[in-house]
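Taking it in order: structure first as structure tokens, then the write-up.
The values are calculated or read from the model by the stated rules, or taken from the named source; none is laboratory data. The model shown is predicted, which means the values in this text are computed figures rather than measured ones. Ideal geometry is used to build each Cβ from the backbone, glycine not excepted, and the neighbour counts take in all protein chains shown. Protein only, heavy atoms only, side chains kept; ligands, DNA and RNA dropped before computing areas. Shrake-Rupley method; radii C 1.70, N 1.55, O 1.52, S 1.80 Å.
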Amino acid sequence: MENWGIITYGEPYLMYNSSNDDLYSGRSVASYIGHELAHFWFGDLVTMSWWDDIWLNEGFASYFESLPFGDILGLDPQAEIDGVTDTDGTKLFVKEKMDPWVDQRGYPLVNITLTGPGTARAEQTQFLSPQDQVPPPSPFLYEWYVPLTLTNQETQDWSTSTKDWLNRDNKDIVAGLPNSTDHWFMANIDQSGFYRVKYDMDTYFRLLNELDANYSVIPPIARFSIHNDAVQIAREARSIVLELACNYGNIDCQQQAKTRFGDLVENPNVNSIPPDQRPIVYCTAIATGTEADWNFLHSQYLTIADSPLRSTAGEVRRILPALACSLNDTLLWRYLNYTFNPEQILPMYAKTAVNSIAQSARGRWVMWENLQSNWNNTPTPNGVSKLDTLKTVVKGFATEEDVTEVFVDDNLIEGAEYLITVTFDGTMKPPSDQDGLYWSSYTSLLDGAIHYVASTQLEAHGGRQMFPSFDEPSFKATFDITLLRSPNVISLSNANLLRSEDRGNGWVADTFDATLKMSLYLVCFAIGEFDYLESFTESGTRVRVYGRPEYVQDLVYANDIASKFQDWYESWTGMVDPSAKVGLDSDTIGILMRLRSVMVADSKATSNPVRVDIVYPWEADSKAFNTFTYSKGSGILRMIHQFLGDGTFQRALQRYLSEHAYGNTVTDDLWDALTTQAEIDGVTDTDGTKLFVKEKMDPWIDQRGYPLVNITLTGPGTARAEQTQFLSPQDQVPPPSPFFKAEFCMVQLFMETEDITAGLPNSTDKWFIANIDQSGFFRIKYDSDSYMRIVNQLDTNASVIPHISRYSILNDAFEIAREARSVILGLACNFGNPDCQQEARTRFADLVLNPDENSIPPDQRPTVYCTGIATGNEADWDFLHSQYLSLIGSPLRANSNKKWADDNVAGLNDWLADHIEPHSVSTRLGHSGYSVKRSSPINNRRRHLVMVMSNNGF
């Protein structure tokens, strides 16, 4: 947290030991320090006027956190090739680790169960599908040295360095796990190891909750790994996949759930729904069903509620939360009233029912209304605390109860000074509520005793929870702070310590100098048993890094990096940090999000603009502090930097900081500084006229999403470009945009014209690439011939195209259009998912019965056709071949239904090309991908990729 003069971090974010930690860990420490130190200028010295412009703080910090790396760190990706050791620091014997991987069949399934804070138990078995197979004997007894890579909700360290080796002698895991059993963890990061992971069910649900709340926190490859492993592992994991699909509104999943629930209604004595899928089926059916469905499920509860059988208790725990899934207020009120009636809800289950209502999307509002209107009059159900229920409810939304009104007898006089004296007291919050002033504890490695720390987290609106204040960023003040502590601890705050005095009764008062003029959310306290390291910048700024005494030796790197970052920022901005000192205290938690993740999140019609409307400060928590503010804001600044150039960009920000020091800004103030400096430096628009940054950049921050640029080479040195909003899936309907047709201005070209003549090859036989190194926040879609030429270059000599550009081409191609969904569907069916295969067979059978009406979505047809043929009979094959023959001669290709025919031919031909020789396919289709040699599996896959592009108009 970027409190001015004293930054707070979680311990893992600052600790680095070069003898034990890898290079990536060092870069992570540097990123966190760079991010928060950047706030001393962007956020502390110059602060946004209101939370809707928080991107001015977080976008800059996210961009600058890594910008100085080359100057400061001089990091070489190959720097740790020499001196690589085993995880315990001893010599690494590769033969010992790797022989089991090459000399025995298969690979392991690693079962990991969280056993406590920071500890887990891991067991490995050979992964077999189906499980009842008996493999031949192995000299290694089907055990492997499994390289465990781990991250968790607290550290979110996505490096793939091995934390430990799992083998028969080592099954206890202590590295890389969360300190709280309420937090998620992940193993086998980015599928870096050749094994699958199965978690305990609580961990699965914690991962599911994270994906539901903000899936971009977990990188795409890691998300795919979770899904892929879960699909493959046992029957219980399928319920997680099912829940993900239903919760995200998958129509097929919801229809399947309603069908299964309907079967149960028809025959309530035979419940064929697998127990692990019942919570999802019940909840989906109630949320999308009728009052009769609700009454039926409640009657099921009554039937089994007082049964002595243990199995019925589990069914009760499935039914009660599902009854709260209703979106009908009348039914939710009825449910709430039932909790007071032991004939409807047994007293032993009343608390479960109340909590289910309070936690549901619609039920929390019903519960809130009930608590407001009946707080003093209504009794509570057995075992239910009204206060606990209130806490559960308000977790889902904020209230306005933290506002105090002060009434005066006479009108206030402008310019006069008034003194308001307020007597108040407050409660130090527990670690589970880190908003305001809170305490935390740890067990010392030095004495084995429990030690306590008090610290603050005031952003965005925690200040008013600590003391009465004007808690808005536009209200700036100096703060005189005195803290009372016991003699065995020290206290830290934003300014220098002036004096300490004995107040008697075991209390010492520390009085600090007045802070700089700043917003309240930047105020910080920290009290505990800290030790520190100290260094000084070239300008004389003192830098101290505080931490627990036993970990100070691991803060040397952080202390060194902090002073280097501080020097770089002071030099780059031309402004010495006015806070005169920097304190880094390792106590609270910060988070870093990445650019590619936000592009996935920002492709949804429900994504947020960078600049959002915020009425109340507590809305900032959900609306402003997200991946769009941090990573998309950073990406937009990177784009501006690219088209202005280094010098102009730096001088413009120096102007911005000096003109608004100790004040507040809105986004237009930044645009004005950039426009003014561009004019001074002679940086113009692409047509030579004055560059107005606001005109170019407002569409990037005030509307959702980003553009997909379709570029078609039209001749030697010429191309045609068109832009649309990139949406995935494409059938979403975004809300209206204030900018016509959701248009964006592109870097360099700015899309003022759709014809491109600069930077293109003089021959149509040569490739070109746009958006070099992903410098712009948009995706590129090329014509199919251009894709083929790029693929040929990559196949001949990939190193000609830099690795970042290679990655961008692949990533854009994978994400573009609806084909991305067909890839996931194909994976599920190809990996033998029975639900997927059954659904594909059903859809194929519907097509056979009614071949004139193909209701299968075009992007899903390749998978449906392939699965239908693979699991079907000769008649199915003959049918599909007849479809192919009818389509080849179809006149529809020349009329308004051309796209329908194209899509059908694309799906049919995709299957046929994988099963017959290319020369037996009519050349009328003209797909250039057929010329690829079929003997090479790699070329085969590339051909398929190109065909997908070609078939869909790339």
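General remarks:
- Answer residue from the stretch 160-178, given it is buried (at least 18 other Cβ atoms within 10 Å of the Cβ) and modelled with pLDDT of 80 or more and is farthest from Glu210 (Cα to Cα) among those: Leu166
- Scanning the stretch 507-524 for residues being under 20 Å from Leu437 (Cβ atoms) and open to solvent by 30 Å² or more (accessible area, probe 1.4 Å) gives a total of 1.
- Residue under evaluation Asn355, criteria (1) touching a residue at least 60 places away in the same chain (Cβ under 8 Å); (2) polar (S, T, N, Q); (3) touching a Ser or Thr at 6+ places or on another chain (Cβ under 7 Å), criterion not met: (1)
- Restricted to the stretch 842-856, and to residues there that are open to solvent by 40 Å² or more (accessible area, probe 1.4 Å) and not in a helix (DSSP H, G or I), the residue that is nearest to Phe879 (Cα to Cα) is Pro851.
- Test result for Gly262, at pLDDT 85 or above, in a helix (DSSP H, G or I) and open to solvent by less than 50 Å² (accessible area, probe 1.4 Å): yes
- Number of positions in the stretch 466-496 that are surrounded by 15 or more Cβ atoms within 10 Å (Cβ to Cβ), more than 12 Å from Thr515 (Cα to Cα) and small (Gly, Ala, Ser): 2
- Checking Arg235 against (1) open to solvent by 20 Å² or more (accessible area, probe 1.4 Å); (2) under 28 Å from Phe628 (Cβ atoms); (3) at pLDDT below 80, the condition it does not meet: (2)
- Screening Gln553 against (1) under 27 Å from Thr443 (Cβ atoms); (2) open to solvent by 60 Å² or more (accessible area, probe 1.4 Å); (3) modelled with pLDDT of 90 or more; (4) not hydroxyl-bearing (Ser, Thr, Tyr) leaves a single unmet condition, (3).
- The residue that is modelled with the highest pLDDT, counting only those in the stretch 285-334 that are assigned to a loop (DSSP other than H, G, I, E, B), open to solvent by less than 60 Å² (accessible area, probe 1.4 Å) and over 15 Å from Ala361 (Cα atoms), is Gly289.
- Output for the stretch 179-227, where each listed residue is open to solvent by 30 Å² or more (accessible area, probe 1.4 Å), of a type in the set (A, V, I, L, M, F, W, C) and part of a loop (DSSP other than H, G, I, E, B): Phe194
- Residue list for the stretch 663-707, filter: open to solvent by 30 Å² or more (accessible area, probe 1.4 Å), part of a loop (DSSP other than H, G, I, E, B) and in contact with a Leu (Cβ under 7 Å, 6 or more places away or on another chain): Val683, Thr686
- Restricting the stretch 450-465 to residues that are open to solvent by 20 Å² or more (accessible area, probe 1.4 Å) and closer than 11 Å to Cys524 by Cβ leaves a set whose member that is modelled with the highest pLDDT is Gln457.
- Odd one out for Pro135, checked against (1) in contact (Cβ under 8 Å) with a residue 24 or more places away in the chain; (2) in a loop (DSSP other than H, G, I, E, B); (3) over 27 Å from Lys95 (Cβ atoms); (4) open to solvent by 30 Å² or more (accessible area, probe 1.4 Å): (3)
- Among the residues listed as Ala509, Ala526, Ala514, the single one being touching a residue at least 40 places away in the same chain (Cβ under 8 Å) and among the hydrophobic types (A, V, I, L, M, F, W, C): Ala526
- Ser539 vs. criteria touching a helix residue (DSSP H, G or I) at 6+ places or on another chain (Cβ under 7 Å) and either open to solvent by 50 Å² or more (accessible area, probe 1.4 Å) or at pLDDT 90 or above (or both): yes
- Scan of the stretch 147-173 for residues that are of a type in the set (A, V, I, L, M) and under 22 Å from Tyr9 (Cα atoms), ordered by number: Leu150
- Just one of the listed residues (Pro274, Pro219) is within 24 Å of Thr149 (Cα to Cα) and at pLDDT 75 or above, namely Pro219.
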